Structure formats: structure tokens, C-alpha cells
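Colleague: Structure provided below as C-alpha cells; questions to follow.
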Amino acid sequence: MLDIFVPADTTACALGADAVAAAVITEANIRKVEINLIRNGSRGLFWLEPLVEITTEQGRIGFGPVTVEHIPQLINHIFEPDITDNTALCLGLIDQIPSLKNQQRVNFARAGIIDPLSLKDYLAHGGYLGLQQALTMTAESMVDQVIASGLRGRGGAAFPTGIKWRTVLETPAEQKYIVCNADEGDSGTFADRLLMEADPFQLIEGMTIAALAVGASQGYIYLRAEYPKAHRVLQQAIDLAYSNSYLGKNIAASEHQFDLQIRLGAGAYICGEETALLESLEGKRGQVRAKPPLPAISGLFGKPTMINNVLTLATVASIFARGADWYKTFGCNRSVGTLAIQLAGNIAQGGLIELAFGANLRDILVDFGGGTATGKPIHAVQVGGPLGAYLAASEWDIKLDYETFNDANAMLGHGGIVVFDDSVDMLQQARFAMEFCALESCGKCTPCRIGSTRGIEVIDKIQQGEQPKQNLILLEELCDTMQYGSLCAMGGLTPMPVRSAIKHLKKR
Amino acid sequence: MPNKSNHDANSSNATEDRITIKNLPVTSAETTISTAQLETLLETVSSLKHLPGALLPILHKIQHQLGYIPSEVIPDIAQLLNLSRAEVHGVVSFYPDFRTHPCGQHLLRICAAEACQANGARALMQHAEEKLHIKSGHTTPNNNITLEAVYCLGNCTAGPSVEINQRLHGRVTTTLFDQLTAGLITAGPINAMPRPDQC
């Protein structure tokens, strides 16, 4: 029986994958051919979605972007290759196309290949090897392994993960928690979503290992409500993990217990900030907490809590499966490992590009991205989400690693890159950064809550030509107040897109 | 954050205030829930009260069942969880997704974040507002359509993104928007309640 893959990924479905899957079944019934339709996750090559794949002796062959109208011809091609071998949609062996072949996939090695909800597939592709290894180790040696790997938090702050783990391990408590931050609210980022939809067991495995390492028995995945598909896939994966003894009591035939639940957010961007997230998990308004105490010492319900991003936890599974030394072969400077680069916005070939840290931004935009979707020149790119800097063409020869970006007054964040063509109005983007901060501020500290609104007003005055010189100075001072006076990154980093956008305007 | 600042759970003038601000007539969808409904609802959500940090799961459940969180349930939830009404109200009003009133028959959410802006989301929102004769964050006077901005649906490579009754559409041009909404827009009065799961 022939395997036909049609992704059930959010973006693939937004571009018609469900209808394509239905048409494949209809067409197969008409021709009375037996097929096995698998709804995989996405490979992350979104400009080719819906990307239909079939298994052949040579490997998986891809077709895309496919529409319902293509299906009869496509099925023809599959079953009678001699008759119509000329479909322009055929991409050949999918893992040989440059956009995929030139990546270094660690977190996303299985994405789009396996059936996300097949534990058998997951195991066949190296799944749960990390947990097996972890079960042979002591808690201390597990934490040492993470420290040795050099892994840093992928949520944006890039804090050394192993140090966080050690703090939780060394804080005595009857109850400790593992929390996964899956509140991926930055525009231009979708790596967490892609991973949860394409390879959910990897996250579950990573969280289980983390729980063993720090001595936690309960985990929560705080997932944003805007990701209903990821929610369904994750919940089903968790149910499967429970029924196969990978969660609950005696995980993988050991004496350990680990329980895992998903909790949904409710549209508040600030809940991606770790302390606001914990407040939200506790059933409160998502308001930022002052630190210290660190969540690792007093986090969820006042207990030691290990809170990590989706990709950080997923990476742990690979580190335990293949070793810290292997992981350290990727990356540069103190940015070890691979970065999930998400190329979005006005881009011809948008998608997920996983590469070792240190890739050149311009190469990503040109080689992988292929320029803008509109065909106009790229004018600016915003790296690192709504709180990241806008970079102009002169600044694209920059290495994608945490240190280089810090030195350039920019931020790598969660690895999202949003591309704008020359129709972008940079002052409008600066205003939007302030608007977004005003809209999403939790309201706890004054610079963020009020500064953002004052920021909008000042930018409006500049736009209307009202004492522009003086108002630019005022805006700069306001940015200083927000940067140095805010409690968390929301108010503290909003000046970054504002300042960088204004800088480009001044240059022009 | 649309529609979040105008409600006050305990004031009898709340409905009037809201109507003045939103320019909405009272329709069948605006009526309050019955005591029997309230009891059934509380029975359902009390099964969640044992969860640590149960308030958000409970509010999600209520909204899933009714399409919104009626102010009448706030005292009961407060009692159930041993919280003050102010605390429950504070949580309901903090999160943009929780509604204190039903949305229209159809819910349209347009992504207004940067990646979609780069692909023309601002122009699309303007088109939608002109076509529906309402501003973002509002409902058509006949309760037909609620239009909202949303900040990122994770479809950042295929914007502008529009979610219509929880179904996501990518690369939505103004033409495609018109096609997608053609069957939804009704000029006459709407009597039907919205399907709860749409809100």
C-alpha cells in the first residue's frame, strides 16, 4: 500500500491542506487504489505547502504547492508514471532539495517525516533514546550533562539551562515543578508550534528528562490559545504517552513518576514572560513578578520551578540521546548548538531553517529566503520578535549568534526574522512597537504601562511635524526610562525596535 | 485590547454604558442566562475546582459552553474557589480572550502583528472595516459579525492571516476576504445565538 503524506500543520491547513487530503481520498476511491494517508507535520518549507509526499524505493518524493485541482493529475502521476510524468509540481527527492539539504536539523530532524501521533514512528526515528540514557544516570550527572552541553534557553534570554537546572536540583522541596513555556507570542516565530504539531513526543521526552534531573513529579505546558492544532496534537500525544507508560507512574519501567498537563493561555502576550506565566498558571492575572526570588527557587505555587522554552526542553532529548560533546560541535562563541531560524513576513521562501549558530543573516535572506514575496527589494528585517531591532541592508552581514547580536544592539531572541519590502513606513513600525507595548503591558510597572502610551503620542507629534527635533530627544529620553526602569523585557526592550526604526529614518 | 474596558460586573448601568459605547442594540443574544442554566454550568465547572490554579480552566470551560462569561457567574465562581469577586473579575478582564458578552454570529479575527503587516494586514483590516461598516473590536448592529485584531496566529510565512469562526486562512487578499465572507454577511436582523464554540 502506498503511503501518501499530507501535512495537518496550521500553515499547511491555512493554505488548503485539509481539502487536498480529502481530494486524495476521493481520487483514490474513484480509481480503486489502496493508499495510506498520513497527516504528518510540516517540513517547515511553507512556500511549498500544501506539500504532498509519497514513499518510493528511492525515498520520499515531494509535490508542492498542491491544490485540490492538481490531485487527479497527481494521482495519475503516482500510479501511472509513464503516462503523465510532467507535472511541474514534482520536487523530486524531498530531502535533496537545497533548502532542506543545507540545513542542520537537530530539533526538527523528524518534523514532517513522521506521523506526529505514532509512538512507533517516534521510536523508530531515535525517540526516547535520551530518556533511556537519562534513566541510567544520577540527577547530578544529568545536570552536569546539560551544563557540559552549553545549552542556553531558546525562549530569547539565552540563560544557561544547566545552571537553572542545578538551582532547582539543589533547592530542597517536597514538590517541584517543570513548566514548559509554549506561549510563543512573538510575531514571526512559529518554531515551537511547528515542533509541537510535528513531533510532540520530543517535547514530552525532554520534559520527562528534566523532571528526572531536578526531582519534579508534575509538569505543565502553558500553551497559547491561538494554537488550537498544537493543543489537539499535544493532548493526544500526552494521552498516548500515558497509555504506553511514558508518563504517569513507573515511566519506562522505572520507579519514577511524572505527570503532565496542558494549560491554555487566554490571549495575553505578557504571559510569555516567565513570572507572568507562573501567575497565570496559578489562576491569576498575568502580571510580572519582581525577581528575586528566582522561579528556580520559588516559582509555581512558591515551589522550585524549572521553566524552559519548548525548544530548550526538546533539545534536551537530543543531548541525552547523542551526548553533550556531539551537541557542542554545533555553534560558535558561547552560542552552542543549533538555532531555529524562522523566516517570515514578506519573503518568497518563508519557513523554518535550522542551522548551527553563526550563519550569516544576508545568506539566510538571499539563499534560503530568495528575496521578498512581492519581488521588491528588502528594506528592513526585524529580528527577535516585536521587541527586536529593525536591521537595514548595511547591517545584514551579521552572524546569527547571541554575542554578535548583543554587540550590535540587537537581539536574536527566539530566532524569528520578519522581512519588509520598501513599502514599509519605519515611523509607523516604531509607533506600532509602542502601541503593542501599550496593548500588552501587564500594567505592573509605570515605565511600561504609561511610557508606551506617551511614546505613541510623541511619535504622532513627530509624524505631524510638530517640533520634530525636540520630540525626538524626548522620545530618546522616554526610551531610556523604559529601558532602565521597567520590571521585565516587555517595557525594557520596546525601545529596541523604536530606536532602530528611528535610526534608519534619520539615515535616510 | 478591544472591548475590555467597558464592563462593570456589578453595575446595573453596565449594559447601557456598553450599548452607548459600542452602539449596539439589545438583541436576543444579549439576554442573561436562566437560573437553571447557571446551576448546570456551575455543576460542570465545579468538577475542575480541585485543579491547582483552577480559575483559568474554569473560565475557559464556561466560555466554551456559552461563548462568553456572564457577569452573573462571577460571585459563584468566587465562592467556589474561595476568592473575592474582585479577583475573579480582575482575571476575566485581564485576558483579551475572555468575553463578558457574546460575540456576533460569526467571529472574524485578522492578525495585526508585524509579519502579517509586512504582507498587507493593515490594508486588509481597513478593507474589512469598510466592508462591514464597523471598527475592529466591534460587532455589526445586527449581531452578524464581530471583527477583531489578533496578535499572531503562528502563520507568519503565509500572511495576511484571517481566522473565521476558528478556521485559519492564509495569504488572504481583499478578493479572497470577500469570497470567504460572502456567505456569512447578512444585512437583516439576526435572531440566532452564536455557536458557543465560535467565541
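None of the figures in this text is laboratory data; all of them are computed from the coordinates on show. Worth saying up front: this structure is predicted, and the values here are computed from it rather than measured. Glycine also receives a Cβ, built like all others from the backbone with ideal geometry; neighbour counts cover every protein chain displayed.
Colleague: When the convex hull of the Cα atoms of the stretch A:221-379 is projected onto a plane and the area is averaged over all directions, what value comes out in nm²?
Modeller: For the stretch A:221-379, the mean projected area of the Cα convex hull comes to 13.1 nm².
Colleague: Taking amide hydrogens as modeled 1.01 Å from N in the peptide plane, which residues meet the under 5 Å criterion relative to A:Val179, leaving out close sequence neighbours?
Modeller: Excluding prolines and chain starts, which carry no amide H, the hits are A:Tyr220, A:Met306, A:Ile307, A:Asn308.
Colleague: Dividing the alpha-carbon radius of gyration of the protein assembly as shown by 2.2 N^0.38 Å (N being the number of residues), what value is obtained?
Modeller: The value comes to 0.94.
Colleague: Here is a follow-up. D for the stretch B:106-198, whole µm²/s, Stokes-Einstein with Kirkwood Rh over alpha-carbon pairs at 20 °C and 1.002 mPa s: what number?
Modeller: Result for D is 162 µm²/s.
Colleague: With a sphere of radius 12 Å drawn around the Cβ of A:Leu343, what net charge do the other residues whose Cβ falls strictly inside it have (Lys, Arg +1; Asp, Glu -1)?
Modeller: -3
Colleague: Residue by residue, what Karplus-based ³J(HN,Hα) values in Hz, rounded to whole numbers, does the stretch A:483-497 have, using 6.51, -1.76 and 1.60 with θ = phi - 60° and x for Gly and Pro?
Modeller: Along the stretch A:483-497, the couplings run 4, 8, x, 7, 6, 9, 5, 4, x, x, 10, 3, x, 4, x Hz.
Colleague: At a temperature of 37 °C and a viscosity of 0.692 mPa s, determine how fast the stretch A:222-307 diffuses translationally according to Stokes-Einstein, using the Kirkwood radius over alpha-carbon pairs as Rh; express D in µm²/s, rounded to the nearest whole number.
Modeller: Here the translational diffusion coefficient equals 229 µm²/s.
Colleague: Now a separate question. What is the sum of charges around B:Ile69, taking Lys and Arg as +1, Asp and Glu as -1, for the other residues whose C-beta is under 12 Å from the C-beta of B:Ile69?
Modeller: -1
Colleague: For the stretch A:332-421, place one equal point scatterer on every Cα, skip the solvent, and apply the Debye formula. What is log10 of I(q)/I(0) at q = 0.15, 0.26 Å⁻¹?
Modeller: -0.47, -1.48
Colleague: Using only the Cα atoms of the stretch B:132-174, what semi-axes does the equivalent ellipsoid have when each is the square root of 5 times a gyration tensor eigenvalue? Give whole Å, largest first.
Modeller: The three semi-axes for the stretch B:132-174 are 22, 10, 9 Å.
Colleague: Counting only helical runs of four or more DSSP H residues, what would the 222 nm mean residue ellipticity of chain A come to if each run contributes -39,500 (n - 2.57) and the total is spread over all its residues?
Modeller: When only DSSP H runs of four or more count, the value is -12000 deg cm²/dmol.
Colleague: Counting only residues 5 or more places away or on other chains, whose amide H sits under 5 Å from the amide H of B:Ile69 once H atoms are built in the peptide plane?
Modeller: Placed amide hydrogens put B:Arg99, B:Thr100, B:His101 under 5 Å from B:Ile69.
Colleague: May I pose another question? HN-Hα J couplings of the stretch A:163-176 from phi, Karplus 6.51/-1.76/1.60, θ = phi - 60°, integer Hz, Gly and Pro as x?
Modeller: 5, 4, 4, 4, 4, 5, 4, 7, 8, x, 6, 6, 10, 10
Colleague: Here is a follow-up. Quick one: Cα convex hull volume of the stretch A:119-328, Å³ per residue?
Modeller: 112 Å³
Colleague: Please state, to two decimals, what the Cα-based radius of gyration of the stretch A:2-97 comes to when divided by 2.2 N^0.38 Å (N = residues).
Modeller: 0.97
Colleague: Could you list which residues have their amide H under 5 Å from that of A:Asp401, counting only those 5 or more apart in sequence or on another chain, with H placed in the peptide plane?
Modeller: Correct list: A:Gly358.
Colleague: Please turn the phi angles of the stretch B:39-56 into ³J(HN,Hα) values with the Karplus equation 6.51 cos²θ - 1.76 cosθ + 1.60 (θ = phi - 60°), one per residue in order, whole Hz, x for glycine and proline.
Modeller: Those phi angles translate into 5, 4, 4, 5, 4, 4, 6, 5, 5, 9, 5, 6, 5, x, x, 6, 4, 5 Hz.
Colleague: How many Å³ per residue does the convex hull of the Cα positions in the stretch A:374-454 occupy?
Modeller: Convex hull of Cα atoms, per residue: 117 Å³.
Colleague: What aspartates and glutamates sit close enough to A:Lys176 to cross-link, taking a C-alpha to C-alpha distance under 15 Å and skipping anything fewer than 8 places away on the same chain?
Modeller: A:Asp259, A:Glu282
Colleague: Less than 20 Å apart at the alpha-carbon level, and either on another chain or at least 8 residues along: which aspartates and glutamates does that give for A:Lys506?
Modeller: A:Glu395, A:Asp421, A:Asp422, A:Asp425, A:Glu457, A:Asp460, A:Glu466, A:Glu476, A:Glu477, A:Asp480
Colleague: Considering just Cα atoms, how many Å³ per residue does the convex hull of the stretch A:426-507 enclose?
Modeller: It is 70 Å³ per residue.
Colleague: Pairs of alpha-carbon atoms within less than 8 angstrom and 6+ residues apart define the contacts here; what relative contact order does chain A have, in percent?
Modeller: 14 percent.
Colleague: Taking neighbour counts of Cβ atoms within 10 Å as a proxy for exposure, in what order, fewest first, do B:Lys135, A:Lys399, A:Lys229 appear?
Modeller: B:Lys135, A:Lys399, A:Lys229
Colleague: Less than 18 Å apart at the alpha-carbon level, and either on another chain or at least 8 residues along: which lysines does that give for A:Lys284?
Modeller: Hits, sequence-local ones excluded: A:Lys303, A:Lys444, B:Lys4, B:Lys49, B:Lys61.
Colleague: Expressed as a whole number of Å, what is the distance separating the alpha-carbon centroids of the stretch B:52-67 and the stretch A:286-343?
Modeller: Taking the Cα centre of the stretch B:52-67 as reference, the centre of the stretch A:286-343 is 30 Å away.
Colleague: DSSP loop (so not H, G, I, E, B), at most 14 other Cβ within 10 Å: list which trypsin sites (Lys or Arg not before Pro) in the stretch A:271-341 pass both filters.
Modeller: A:Arg334
Colleague: What does the charge count around B:Thr157 come to, taking other residues whose C-beta lies under 12 Å from its C-beta (Lys +1, Arg +1, Asp -1, Glu -1)?
Modeller: With Lys, Arg at +1 and Asp, Glu at -1, the neighbours total 0.
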